[in-house]
1. Go through segment 121-160 and report how many residues are assigned to a loop (DSSP other than H, G, I, E, B) and in contact with a helix residue (DSSP H, G or I) (Cβ under 9 Å, 6 or more places away or on another chain).
2. I'm told residue 73 meets every condition in (1) modelled with pLDDT under 95; (2) part of a loop (DSSP other than H, G, I, E, B) except one. Can you identify the failing condition by its number?
3. Within segment 37-57, work out how many residues are touching a helix residue (DSSP H, G or I) at 6+ places or on another chain (Cβ under 6 Å) and surrounded by fewer than 17 Cβ atoms within 10 Å (Cβ to Cβ).
4. Within segment 27-70, which residues are part of a helix (DSSP H, G or I) and over 15 Å from the mean Cα position of the chain (by Cα)?
5. Within segment 212-223, is there a residue that is over 25 Å from residue 166 (Cβ atoms) and modelled with pLDDT of 95 or more?
6. Would it be correct to say that residue 174 is in contact with a strand residue (DSSP E or B) (Cβ under 9 Å, 6 or more places away or on another chain), at negative phi and not in a strand (DSSP E or B)?
7. Assuming residue 179 fulfils every condition listed in (1) more than 21 Å from the chain's Cα centre (by Cα); (2) within 30 Å of residue 136 (Cα to Cα); (3) modelled with pLDDT of 90 or more apart from one, which condition is it?
8. Residue by residue through segment 78-93, note down the ones that are touching a helix residue (DSSP H, G or I) at 6+ places or on another chain (Cβ under 8 Å) and surrounded by 17 or more Cβ atoms within 10 Å (Cβ to Cβ).
């Protein structure tokens, strides 16, 4: 465990996704992945006040959905759309056991998945949106590679660059990389979240996306529990401004006003802190215990 319309000023949809993600401190990848449209109205934190996900109501069980596009039974997703997720040959098929359409894919096993880390003195070389490394550069050839620096981390030309302050962004180090404006680099791209490939039923079942460890994509999905309760003591519980807004989240049998949270759920895995930060979906943050 996708997305994408509206944006003014001739901004492309992936660029719009990135702008929302960079401004807003709340995770929004579950919205942009499935094509929900951010409101023009924003909060003081720079987040959309809500997302329009009305298209979800028109989804049917005999079709597959990915990144805002509809696939009929037996349609195949172009490999170029899913290669970065290490998937290939994804076809929309009916699951007879569950009576719904879902994607059946082949998984790409890269050599680096099956072998030890880089050989001593070598670095792997990658291309934009490719799953696997194309080769390794070693020894004297490695010494002649361009270096990129971002924060306290240095990379070799061809290496993937990941950013703690921008987890949905990946760049390939090149001689043209501009650390002051990584968005301008043609070798940078927005990461995809393939939850519709892997577990498409979570959206229609009312599950909440769970984010963990500053990750870009949902780590898992949490189903509502009968014992879930509103947190009357947490932030937003007594905010008259939040309660007066018409935007709400539905989660199981509960209705949450914008800003309201559930009582934290402490489990053996960690603590799930779930809230209605940006309607109409509740999202959760998993904190290790």
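The values are calculated or read from the model by the stated rules, or taken from the named source; none is laboratory data. Here the structure is a predicted model, which is why all the values come from computation and not from measurement. Every residue, glycine as well, gets a Cβ built from its backbone with ideal geometry; the counts of neighbours run over all protein chains shown.
1. 7
2. Exception for residue 73: condition (1).
3. Total meeting the criteria: 1.
4. Across segment 27-70, the qualifying residues are 54, 55, 56, 57, 58.
5. Checking segment 212-223: at least one residue is over 25 Å from residue 166 (Cβ atoms) and modelled with pLDDT of 95 or more.
6. It is true that residue 174 is in contact with a strand residue (DSSP E or B) (Cβ under 9 Å, 6 or more places away or on another chain), at negative phi and not in a strand (DSSP E or B).
7. (3) is the only condition that residue 179 fails.
8. 82, 85, 87, 90
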